[in-house]
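To start, the structure under review is shown below, and the notes come after it.
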Amino acid sequence: MKKVDKKFIEKTIHKNIENALKVFKEKNYYDISEFEFPTITFNLKGKTAGKAYLKNNNIRLNSELLFEHNNEYFKEMTLDTPLHELAHLIVYFLIKKKIFDKNLYKPHGHYWLHVMKLLEAPNLSVTHSMNNELIDKKKNLRILFSCSCGYKHWISKHKYTKIKNGREYICTICNDTIRQIGIDFVDYKYE
């Protein structure tokens with residue numbers, strides 16, 4: 001499958017959110033005329049597909065899931081996830097307007113589901129079904145270091161960054177400074 005460029009994905013997400021808001025407003029169920037179009041960023045990391053920042057009216061999407069799966073999850077990341085997060089923002093907006101009772105609010109409760117239906121979101125699921133194997137591998141990236149006694153030291157990305165910035169780590173066996181010899185993915189459950 002051909003890789004889609006970032007600009008096309010961003011336009012698709014904006015169009016999908018605009019269309020959903022239009023459908024919501026046409027139903028005239030709640031007045032959201034003062035609701036501002038959310039800012040959308042692509043800087044979310046980890047296994048979460050998207051996250052709504054209620055007070056900032058911001059939707060953060062996971063760029064790794066968006067761009068590194070060769071369109072495998074195109075619909076889920078350009079339609080399902082943005083509408084899921086948009087529903088959170090609309091519920092928060094309606095709570096601020098005192099249309100919804102904040103004491104009855106649950107993140108994926110009745111209000112959220114109701115708004116998802118009004119947005120005509122095709123997927124009412126609370127969680128995504130995307131494969132996180134690639135992200136798991138990146139998370140478990142370890143850099144192989146060694147020292148004069150030959151002991152293998154598996155260093156995390158965090159420690160590796162410190163070493164690149166001048167920090168030295170000493171082997172507890174031979175008291176020699178450890179040096180990089182390789183890079184690999186390691187599953188620590190079996191090491």
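If R0 is 41 Å, what FRET efficiency do you get for Cys149 and Lys7 from their C-beta distance, rounded to 0.05? Before the final figure, lay out the partial values.
On the way: r = 52 Å, r/R0 = 1.28.
Efficiency computed from Cβ-Cβ geometry: 0.20.
Quick one: of Lys106/Lys162; Lys11/Lys45; Lys51/Lys96; Lys51/Lys102, which pairs are farther than 31 Å apart, Cα to Cα? All intermediate terms of the calculation are to be shown ahead of the outcome.
Values: Lys106/Lys162 41 Å; Lys11/Lys45 21 Å; Lys51/Lys96 19 Å; Lys51/Lys102 20 Å.
Those over the limit are Lys106/Lys162.
Does the range 140-185 come out rounded, prolate or oblate, given a ≥ b ≥ c as the square roots of the eigenvalues of its C-alpha gyration tensor, rounded meaning a/c under 1.5 and, failing that, prolate meaning a/b above b/c? Please report the intermediate quantities before stating the final value.
Values: a/c = 2.25, a/b = 1.29, b/c = 1.75.
Oblate, since a/c reaches 1.5 and b/c is not below a/b.
In nm, what is the difference between 0.36 nm times the number of residues separating Thr161 and Asn28 and their Cα-Cα distance? Show your work: numbers first, answer last.
Details: separation 133, 0.36 × 133 = 47.88 nm, distance 5.31 nm.
Result for the pair: 42.6 nm of gain on full extension.
With the crude spin-label approximation of a point 7 Å out along Cα→Cβ, what separation in nm comes out for His108 versus Ser125?
1.0
Can you sort Tyr30, Tyr151 so the residue with the fewest Cβ neighbours within 10 Å comes first?
Tyr151, Tyr30
Just for the range 21-65, what percent of DSSP beta bridges are antiparallel, to the closest 5?
Working: 4 of 8 bridges.
Percentage antiparallel, nearest 5: 50.
Need one number: nm distance between label points at Ile173 and His14, each 7 Å from Cα along Cα→Cβ, rounded to one decimal.
Those two pseudo-labels are separated by 5.7 nm.
Computed from the coordinates by the stated procedures, all read-outs in this text should not be read as laboratory data. For clarity, every value in this text was computed on a predicted model and none was experimentally measured. Positions of Cβ are generated from backbone atoms using ideal geometry, with glycine treated the same way; all protein chains shown enter the neighbour counts.
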